[in-house]
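Some notes on the structure that comes next.
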Amino acid sequence: MRYLTCEQIIPDTKGHLRMHGNRCKTGGEYTINFLPADLRLLEKYCGTVPSSLAFDMPGLTEKRK
């Protein structure tokens, strides 16, 4: 979750939000549905961080190399 960006959060064909990305090891695509509790956290915190990350995690926000 520390590397989740707001750009990775996309709506599906029914308008439900999903997380989209590529697996590190295989490069294959994945999508994950958000639960209602997840959506409440996204509404509260997404866009409040000065970077493109969805959540502010002090000390953990540096990208992996």
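Please compute the modelled spin-label separation between CYS6 and ARG40, points set 7 Å along Cα→Cβ, answer in nm with one decimal. Each label point lies 7 Å from its Cα, and together they span 2.2 nm. TYR30 sits with roughly 70 Å² accessible to a 1.4 Å probe, with DNA, RNA and ligands left out of the calculation.
The values are calculated or read from the model by the stated rules, or taken from the named source; none is laboratory data. This structure is a prediction, so every number in the text was calculated from the model and none was measured. Note that we place each Cβ from the backbone using ideal geometry, even for glycine, and neighbour counts take in every protein chain shown. SASA here: full protein model, heavy atoms, side chains in, ligands and nucleic acids out. Shrake-Rupley method; radii C 1.70, N 1.55, O 1.52, S 1.80 Å.
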